[in-house]
1. Just want the ordering: HIS355, HIS325, HIS234, from fewest to most Cβ atoms lying within 10 Å of their own Cβ.
2. Using only DSSP helix segments of four residues or longer, with each worth -39500 (n - 2.57), what per-residue ellipticity at 222 nm results for the chain after dividing by its residue count and rounding to 500?
3. Take every Cα pair under 8 Å in the range 3-354 that's 6+ residues apart, average their separations, divide by the length, and report that relative contact order as a whole percent.
4. Could you list which residues have their amide H under 5 Å from that of ARG55, counting only those 5 or more apart in sequence or on another chain, with H placed in the peptide plane?
5. Pull up all non-local amide H partners of LEU116: gap of 5 or more, or a different chain, and H-to-H distance under 5 Å with H placed in the peptide plane.
6. If I take every Cα pair under 8 Å that is 6 or more residues apart in the range 244-340, average their sequence separation and divide by the length, what percent do I get for the relative contact order?
7. Pairs of Cα atoms under 8 Å, at least six residues apart: use those to get the relative contact order of the range 36-150, whole percent.
8. Taking the Cβ of each residue in ILE248, ILE110 as the centre, tally the other Cβ atoms inside 10 Å and list the residues starting with the fewest.
Amino acid sequence: MTSATVTGAAGTRGLLAAPPALARCRALVRPALADAVGGLHPWPGEMAAHALGWRDTAGTPDPTASEGKGVRQALAVLGAEVCGAPGESAVPGAVAVELVHAFSLVHDDIMDGDELRRQRPAVWKTYGTGPAVLAGDALLAAAVQTLAQAPGALGGPAVLRLSGALASLVRGQADDLLFADRPWTGPEAVRPDAYRSMAEHKTGALLGCAAALGALLGGAPDTTVTALDRAGRHLGVAFQAVDDLLGIWGDPARTGKPVHGDLRQRKKTYPVLAALASDGPTARELAAVLDSPCPPDDATVAAHAADLVEAAGGRTAALTEAHHHLDAARACLRGTPLAPRAVHEVEELLGYLAHRTV
């Protein structure tokens with residue numbers, strides 16, 4: 001069983017087991033996901049299998065690779081089950097969102113220049129930039145095709161919902177890239193509310209789409225589909241806030257990234273932006289470190305910057321942000337008539353994601 005390290009506001013640590021729903025949903029979805037990837041041209045199919053953590057560059061199974069948490073496919077399956085439908089009805093949606101997630105990671109790594117993904121070389125680093133772009137395109141095409149072929153008359157509405165999520169994802173990614181060129185302070189600085197909007201589009205849109213597709217394919221009414229979409233969007237903002245905490249203070253042995261990695265790269269993440277927004281002497285010292293001609297890639301400088309972020313309240317603000325949006329997601333669920341047992345599984349998943357490190 002996998003586990004996550006829990007880091008509370010006071011920095012205490014413990015172990016929280018991954019909820020059984022993740023493994024159960026993965027087992028349900030995996031055959032159809034493998035069929036979708038198997039239908040690709042062999043070369044992009046090989047790269048897709050690498051991106052999904054299934055195979056190494058020789059095309060053989062890679063037992064050391066991580067396949068990720070499978071959150072999106074689980075949300076799709078649970079989205080059907082909370083509406084009283086069998087999880088099998090959501091499998092086309094689960095496959096589609098998992099493929100779109102893989103596509104987005106392949107392209108994100110290219111845009112961000114990230115050489116590692118899940119503790120091994122990213123697709124672009126292994127195969128080259130052009131082939132990696134092609135692999136991402138193939139994953140996206142397979143996602144749309146899988147959803148369009150969903151049984152019954154729901155394929156069209158499902159594809160329409162997925163296309164809306166894709167448009168939001170692109171908008172969020174565009175904002176994220178543009179943030180990199182904006183100053184740390186002054187009128188053009190990125191504020192926490194702008195970052196929150198970016199996170200909802202870049203991360204929340206697909207999580208909301210996953211849960212909504214499960215409900216839609218399960219035959220739920222529009223009000224329920226909309227409520228689950230809203231819950232997923234709130235989860236996305238919380239998910240991004242936790243990711244940002246891990247990007248600074250995460251355990252490298254679990255995250256696969258260097259400690260203080262986001263600070264070394266001068267990424268504009270929620271803890272940093274919240275710290276700068278506090279506008280006190282510590283925030284001004286942090287801004288001076290970030291604005292220095294010498295980037296904070298030295299271990300000592302990066303550790304000092306992390307201490308300043310924490311002292312200015314950035315770490316606490318990010319934790320508060322995460323828990324606020326998790327509570328909002330729960331409120332969306334509680335305001336909708338849903339199957340109690342399946343809702344309990346969703347609640348377990350929310351708690352796990354709030355305290356993950358992998």
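1. Placing the least packed residue first, the sequence is HIS355, HIS234, HIS325.
2. -21500 deg cm²/dmol
3. Computed value for the range 3-354: 18 percent relative contact order.
4. Amide H neighbours of ARG55: HIS50, ASP62.
5. ALA122
6. 29 percent
7. Worked out over the range 36-150, it gives 30 percent.
8. If I rank by nearby Cβ atoms, fewest first, I get ILE110, ILE248.
Laboratory data are not the source of any read-out in this text; all were calculated from the coordinates shown. These figures come from a predicted structure and were not determined experimentally. Here the Cβ is made from the backbone with ideal geometry for all residues, glycine too, and neighbour counts use every protein chain on show.
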